[in-house]
Amino acid sequence: MDRILIRGGKPLRGTITIGGAKNAALPLMAASLLTDEALTLSNLPHLADISTMAKLLQELGVEVSMDGDAGGGGHIGRVFRLTANDTSNTTAPYDLVRKMRASVLVLGPMLARTGHARVSLPGGCAIGTRPVDLHLKALEQLGATIKLNEGYIDARAENGLKGAHVVFPMVTVGGTENLLMAATLASGETVLSNAAREPEVADLAKCLVAMGAIIDGIGSDTMTIQGVESLHGATHAVVPDRIETGTYAIAAAITGGDLTLVGARADLSESVVRVLTSAGVEISKTGNGLRVARTNGPLKGADMMTEPYPGFPTDMQAQIMALMAVAKGASMITETIFENRFMHVPELCRMGADINVHGASAIVRGVDGLSGAEVMATDLRASVSLVLAGLTAKGETLINRVYHLDRGYERLEDKLSACGADIKRVPE
Ligand code: UD1
């Protein structure tokens, strides 16, 4: 298993290109199940999770072809053509689903198109129990009959789904996406209240509209969908990754560097921009992205709480904690979305951070500097927070279990080393 070795202390300078958002790409790929015509997706990131979704879709009879790429030698901005002609297999097997929870996104579209879907229950994961009960209850409201047996969700709607008013008791990104896709082919009107407003949900809704769906209220917490008989093919470019953007912005800030993030969009990351600015990071718009620098003095501590969009994203919590670990003063970071999402804390503390966790909050008392150590990655965002800590730490940081990083960050070492970081992948 590969490890990542970082010799910290080098300010990053240069340009990093931001890829398409993983969390938009996954539901968009699942949307191909809604039609027998080709869905062409461009600006897809080159990541393990994308390959897992492609494999799952192939298993479900979708023809997946690489339609060239938009530059970057197969890395940047890949283009996939997805054609769901053969819908005879409606089982998403445990083997693929257990690798990635987002596999459950095939449930809604497959059920709506074929009247049947059998999807393995995703099971637990490192950052909490993460059930899918809200997806299932909402599909039942659209008339599906759902049984759980032998570890599988067995969903049926032989006579098709019927529009209904679904009020989500709590905001769920995946639940909103599954229902949005299912409702496009349900008969009549579906209203989704307390829907997730994440930009990735809006990106999916826009693509569905390009495929012939009728959706009102995109980007708001109430979406109204008028079901149609069938959808058709479309071409769609995946929205830029706001979490990758925020992560590299912190890389610039934590090293006292100056990075231009090409393709980054401030309008997708307002809460993160606000926190970074209050911590003393300079952020400005450029013609094609954002410039992030920290050249004037020390970082200042700032408080934040993770919330559904447009609040501060839980997927940026671990990274901001690494930054606050070296800021002047104390910061309070509260996690409201997932239980057990502080697994990076003991690892950051091994590098010299002063962090105390009390329930869902962490008190971070800034220290003058971190020191390199051998640490363990536990999940995707926790791993990258250790990379960020390693970039500023004195000495060598060795990160184990880096396969987590490959699920969500495209060519991380290449992008960072091109800007002056001393980082490399080493075999164990
Ligand atoms: C998505 C993102 C993930 C991000 C999360 C929150 C993808 C592929 N993943 O995950 O990176 O961290 O949004 O922004 O887009 N819940 C239930 N029952 C359900 C569904 C969810 O209790 O049926 C709970 C979850 O356990 C969690 C909260 O609701 O505590 C939010 O989860 P949700 O928004 O559904 O996250 P995902 O879609 O899994």
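The values are calculated or read from the model by the stated rules, or taken from the named source; none is laboratory data. Quantities reported herein were computed from a predicted structural model and do not represent experimental measurements. Cβ sites come from the backbone with ideal geometry, for glycine too, and all protein chains shown count toward neighbours. Protein only, heavy atoms only, side chains kept; ligands, DNA and RNA dropped before computing areas. Shrake-Rupley method; radii C 1.70, N 1.55, O 1.52, S 1.80 Å.
Quick one: which residue in S88, S65 is more than 15 Å from the ligand (Cβ to nearest atom), part of a loop (DSSP other than H, G, I, E, B), at pLDDT 90 or above and polar (S, T, N, Q)? Break it down stepwise before answering.
Details: S65 fails: part of a loop (DSSP other than H, G, I, E, B).
Of S88, S65, the one residue that is more than 15 Å from the ligand (Cβ to nearest atom), part of a loop (DSSP other than H, G, I, E, B), at pLDDT 90 or above and polar (S, T, N, Q) is S88.
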Test set (1) open to solvent by less than 10 Å² (accessible area, probe 1.4 Å); (2) assigned to a helix (DSSP H, G or I) - C349 fails condition number = (1)
Considering only the range 119-218, give the strands (runs of 3 or more DSSP E) lying wholly within it that have at least 3 residues that are under 23 Å from L96 (Cβ atoms) and not acidic (D, E).
-> 145-149, 152-156
Residue among L12, L34 that is under 15 Å from L57 (Cβ atoms) and more than 20 Å from the chain's Cα centre (by Cα) = L34
Output yes when any residue across the range 244-255 is touching a helix residue (DSSP H, G or I) at 6+ places or on another chain (Cβ under 7 Å), surrounded by fewer than 23 Cβ atoms within 10 Å (Cβ to Cβ) and either within 30 Å of G395 (Cβ to Cβ) or hydrophobic (A, V, I, L, M, F, W, C) (or both), and no when none is.
-> no
Identify the single condition in (1) modelled with pLDDT under 95; (2) crowded, with 21+ Cβ neighbours inside 10 Å; (3) among the polar types (S, T, N, Q) that N340 does not satisfy, given that it satisfies every other one.
-> (2)
Every residue from the range 352-362 that is open to solvent by 20 Å² or more (accessible area, probe 1.4 Å) and assigned to a strand (DSSP E or B) | D354, N356, V357, H358, S361
Residue in the range 68-82 that is of a type outside the set (S, T, N, Q), farther than 19 Å from E200 by Cβ, open to solvent by 30 Å² or more (accessible area, probe 1.4 Å) and modelled with pLDDT of 95 or more present | yes
Meets criteria (more than 12 Å from the ligand (Cβ to nearest atom), of a type in the set (A, V, I, L, M), more than 20 Å from N149 (Cβ to Cβ) and modelled with pLDDT of 95 or more) for A117 | no
Filter the range 126-180 down to the residues that are of a type in the set (D, E) and near the ligand (Cβ under 8 Å from one of its atoms), then identify the one that is surrounded by the fewest Cβ atoms within 10 Å (Cβ to Cβ).
-> D133
Scan the range 23-47 residue by residue and report those that are more than 24 Å from D406 (Cα to Cα), open to solvent by 20 Å² or more (accessible area, probe 1.4 Å) and part of a loop (DSSP other than H, G, I, E, B).
-> D36, E37
Those residues of the range 386-428 which are surrounded by fewer than 21 Cβ atoms within 10 Å (Cβ to Cβ), hydrophobic (A, V, I, L, M, F, W, C) and modelled with pLDDT of 95 or more, in sequence order = L398, A418
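Considering only residues of the range 363-375 that are assigned to a strand (DSSP E or B) and in contact with a helix residue (DSSP H, G or I) (Cβ under 6 Å, 6 or more places away or on another chain), which is modelled with the highest pLDDT?
Going through the qualifying residues, I end up with V364.
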Checked pairs for the range 342-360, first in contact (Cβ under 8 Å) with a residue 60 or more places away in the chain, second outside any helix (DSSP H, G or I), C-beta under 7 Å and 6 or more apart or across chains, list as M343/A126; M343/T378; M343/D379
The range 215-263, residues that are of a type in the set (G, A, S) and under 30 Å from K415 (Cα atoms) | A237, G246, A249, A251, A252, A253, G256, G257, G263
